[in-house]
Amino acid sequence: MSGASLSSEERLPVEERRWERLPPWLRPRISEQHGSGRLWRLETTVLVVVGLFLAVAVVNDLARQTRINHRLVADLTTWRHYTDHDYKNISIDQETLGAGSDHEVLCGNTSGGAPGSKTQICLAIWGATVGGRRTVHGGWYLPPYYEDVRSERYGCFGAVRRLCPR
Amino acid sequence: MSAVAQGEPRLAHERSERWVSALATVCGLLLVAIAAEIVVDAAAGPSPVVPKSPELVGWLSGLGERLGYRGFLIALLVSCGAYGVLAVLARRFGTRAISTRWAIVLIAALQLIVFVGPVLLSTDVFSYVAYARMGVEHGLNPYTHGPDAIVHDPIYRYVGHDWDRVATAYGPLYTLLSYPLAPLGVVGALWAMKLEALLASAGTLALTWRCARARGFDPVAAILVVGANPLYFLYALGGAHNDLIMMLAMMAAVSLVVVAPAAGSSTRSARREAAAAAWIVAGALTKATVAVLLPFMIVSKRRLAPILGMVAALALAAVVGYAVFGIHGINIVAALNRDAAFVSTDSFANEIAHLLGKPGVFPIDHDLLKAALVLILLHLLWRTWRGYDWVAASGWALLAISVTSTWLLAWYILWPLPLAVVTRDRRLLAATLAIQALFVIHQTSPLLAPVQ
C-alpha cells in the first residue's frame with residue numbers, strides 16, 4: 001500500500017487517491033508541507049537578487065537617459081547659437097548618424113512659422129560638450145513640409161556631404 | 001496601581017491610533033487633490049500627458065493650467081509616496097486606521113475624478129474605437145486591417161502613430177463588446193469606453209473585497225492597495241484601458257473558486273470551478289494574458305470541471321469568433337507573437353540590454369526571455385502541484401510575464417495586484433509594488449535633466 005506510510009496531514013481526499021500510486025515526491029498536495037522553509041529561503045534569495053539586478057538596471061538606464069538629456073540640451077543650445085534663432089520646435093534625430101552613438105541631427109525652420117512650414121536647416125552635431133555647447137560638423141537643408149529623408153536633402157555641407165543625394 | 005499601569009498603555013495606544021488615522025486621512029486627501037489637479041490641468045490645453053483627442057471635457061478647460069510632463073512627474077511621485085504610506089497603514093492597522101466608509105469614499109472619489117477628465121497618457125482607447133468603427137461603420141474586419149484602412153473616419157487622426165497600420169491584438173469578445181459603442185459617434189464611443197473602464201474597475205474592486213474577506217484578509221486594506229494605486233487610477237482608468245475588463249474577468253474567476261458556498265457539495269463546487277474557467281477564457285478573449293491562470297487552476301484543482309468549463313467556453317468563443325471575424329479573429333497566438341516582438345523603452349529587457357552595453361534588445365534576447373518565462377512558469381506549476389496557492393502562483397506568473405516582456409506599459413504591472421492582496425504569500429505584493437516603484441523611478445529622467 002503506497003499510502004500506508006502517509007501521515008493524515010499528507011493524505012489526499014478519497015477522490016484523489018489515484019495519485020497515491022505516484023512516488024511521494026511526485027504526488028500532488030492539498031496544501032504546502034510544513035517545514036518547506038529551505039525552498040522558501042531559496043526563492044526569496046533569488047527574488048532579492050533579481051530585484052537588485054533590476055534596480056541596478058533601472059538606475060543605470062536613468063543615469064544614461066539623464067546623460068543623453070544633458071547632451072540634447074547642449075545640442076539645442078548649439079543649434080540656436082549656430083542659426084541665431086531661439087526657436088522652441090526643433091526636431092532631434094538620434095538614428096541617422098548611428099543609433100547608440102552620440103551623433104545627433106537637429107532640424108528646425110530657417111525663419112519663423114509653424115514647425116516644418118519653412119525651409120529647414122539640419123545640423124549634424126557631435127563631440128564633447130564645452131561651455132554648454134557641442135560642435136557642428138556639417139548639415140543640410142530640407143524643403144518646407146518634408147521629413148528628413150535622403151532624397152529631399154540639399155545643400156549638404158561639412159563632414160556629412162555624403163548624406164545628400166548626388 | 002494596576003489600573004493606572006493598564007490605563008497608560010491604553011491611552012498611548014489610543015493616541016497613536018489617532019495619529020495613524022490622521023496620517024491616513026492626510027495621505028488620502030493628498031491623493032484626491034493630486035488626482036483633481038492632474039485632471040483639471042490636463043483639461044486646460046495641449047499637454048504631453050494628454051493625447052490628441054476630440055473635445056471631451058470642455059467644461060473643465062478654464063479651471064487649470066497647462067500640465068507639463070515635469071509637473072505630472074512630480075505629482076505622480078508625491079501620489080506614489082502618499083499611496084505607499086496609506087498602503088502600509090491600511091495593511092498594518094486595518095480599520096483601526098481607516099474606516100470602511102472612508103476607504104470606499106476615497107477610492108470612489110479617485111475613480112470618479114479621473115473618469116470625468118480627459119483621456120490620459122495613452123492613445124489606446126482611440127484604437128479601440130477605431131477597431132469598433134471599422135467593423136460597424138465601414139464593414140472591415142479589424143483582425144485583417146489596421147486603422148489606416150479608415151483614414152477618412154473622424155477617429156483616425158487620434159489613433160497612435162505606432163498603431164495606425166496594426167490590426168487589433170485584442171480578443172474577439174472584447175471586439176464584440178466594443179461594436180455596440182461604434183454607432184454612438186466618436187465622442188459618445190469614447191465616453192462609453194470610459195464608462196466601461198470605470199464599471200470594470202468598480203467590479204474588480206468589489207470582487208477583490210469579496211475574495212479578501214473569503215480568505216480572511218482585511219478587505220478594506222485590499223481594495224485600498226488596488227484602488228488607490230496611482231498607476232491604477234491614473235494610467236489604467238485614465239487611459240480607459242481594457243486591461244480593467246480583463247482584470248474583472250480574472251477576479252470573477254478567482255472569487256468563484258475562493259468564495260466557497262456555505263455548505264458546498266462537490267457538484268456545486270465543480271460547477272463553480274467550471275464557471276471560473278469559463279470566466280478566465282472570457283478574460284483571455286479580451287486580452288490573452290489572463291489565460292495564464294488556467295493551468296494553475298487546473299493543476300490546483302485536479303478535477304475535470306475546470307477543464308470542461310474551459311473547453312466549453314473556448315468552443316463557444318471559437319464558433320462565434322470564427323462566424324464574425326473568420327480565422328484571423330480566433331488566431332490570438334499570431335497576434336501575441338507579433339506584439340511580443342515590440343520593444344518599449346520602459347521594459348526591463350531594454351534596461352538590462354543597456355546595462356550590458358548593448359544598444360537595445362536583439363532577437364536572441366527575445367528567445368532568452370521566453371525561455372526564462374517558461375522556466376518560471378514550470379517552477380510555479382510544480383509548486384502549485386505540491387500545494388502552493390494557485391492564486392499566488394497566477395499572480396507570480398502575471399508578474400513574470402510583465403517583467404520579461406520587451407513591451408512594458410504601466411498598466412501591465414497592475415495585472416498581479418488584485419491577486420497579490422488576496423494571497424498569503426506577502427512576497428508577491430512586495431515584489432509587485434517594487435516593480436511598480438522601479439517603473440515609476442525610470443520615468444523620472446526629465447526631472448533630472450529637462451530637455452527644452
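Okay, here's what the table says:
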| item | result |
| --- | --- |
| Test: residue in the stretch B:192-214 that is over 30 Å from B:V88 (Cα atoms) and either without any contact (Cβ under 8 Å) to a residue 24 or more places away in the chain or surrounded by fewer than 18 Cβ atoms within 10 Å (Cβ to Cβ) (or both) | yes |
| Tally, over the stretch B:357-396, of residues that are under 25 Å from the mean Cα position of the chain (by Cα), among the small types (G, A, S) and within 14 Å of another protein chain (Cβ to nearest Cβ) | 4 |
| Filter pass, B:G357 being of a type outside the set (F, W, Y), at positive phi and either at pLDDT below 95 or assigned to a helix (DSSP H, G or I) (or both) | yes |
| Selection status of B:I352, without any contact (Cβ under 8 Å) to a residue 40 or more places away in the chain, part of a helix (DSSP H, G or I) and within 12 Å of chain A (Cβ to nearest Cβ) | yes |
| Qualifying residue in the stretch A:87-98 (condition: under 29 Å from B:G357 (Cα atoms) and more than 26 Å from the chain's Cα centre (by Cα)) | no |
| Test set (1) within 25 Å of the chain's Cα centre (by Cα); (2) of a type outside the set (A, V, I, L, M, F, W, C); (3) surrounded by 15 or more Cβ atoms within 10 Å (Cβ to Cβ); (4) within 26 Å of B:P446 (Cα to Cα) - B:G64 fails condition number | (1) |
| Criterion: more than 8 Å from chain B (Cβ to nearest Cβ), at pLDDT below 95 and within 42 Å of the chain's Cα centre (by Cα) - qualifying residue of A:R11, A:R17, A:R21, A:R41 | A:R41 |
| Number of positions in the stretch B:406-452 that are under 19 Å from B:P295 (Cβ atoms), within 13 Å of chain A (Cβ to nearest Cβ) and part of a loop (DSSP other than H, G, I, E, B) | 2 |
| Output for the stretch B:175-228, where each listed residue is modelled with pLDDT of 95 or more and not in a helix (DSSP H, G or I) | B:A228 |
| Output for the stretch B:104-145, where each listed residue is of a type in the set (S, T, N, Q) and in a helix (DSSP H, G or I) | B:Q111, B:S127 |
| The one condition in (1) β-branched (V, I, T); (2) away from chain A (no Cβ under 11 Å); (3) within 20 Å of B:H366 (Cα to Cα) that B:V403 fails to fulfil | (2) |
| Residues within the stretch B:384-405 that are of a type in the set (D, E, K, R) and closer than 14 Å to B:L293 by Cα, tallied | 1 |
| Number of the condition not met by B:L67 [criteria: (1) out of contact with any Pro (no Cβ under 9 Å at 6 or more places or on another chain); (2) free of Cβ contacts under 8 Å to residues at least 40 places away in the same chain; (3) among the hydrophobic types (A, V, I, L, M, F, W, C)] | (1) |
| Among the candidates B:A312, B:A323, B:A349, B:A282, residue that is among the small types (G, A, S), surrounded by fewer than 20 Cβ atoms within 10 Å (Cβ to Cβ) and modelled with pLDDT of 90 or more | B:A312 |
| Test: residue in the stretch A:56-71 that is within 11 Å of chain B (Cβ to nearest Cβ), touching a residue at least 12 places away in the same chain (Cβ under 8 Å) and touching a helix residue (DSSP H, G or I) at 6+ places or on another chain (Cβ under 6 Å) | no |
| Cross-chain or 6+ apart pairs with Cβ under 6 Å, the stretch B:296-311 first and away from chain A (no Cβ under 14 Å), then of a type in the set (D, E) and assigned to a helix (DSSP H, G or I) | B:P306/B:E273 |
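The values are calculated or read from the model by the stated rules, or taken from the named source; none is laboratory data. None of these values were measured; they are calculated from a predicted model. Note that we place each Cβ from the backbone using ideal geometry, even for glycine, and neighbour counts take in every protein chain shown.
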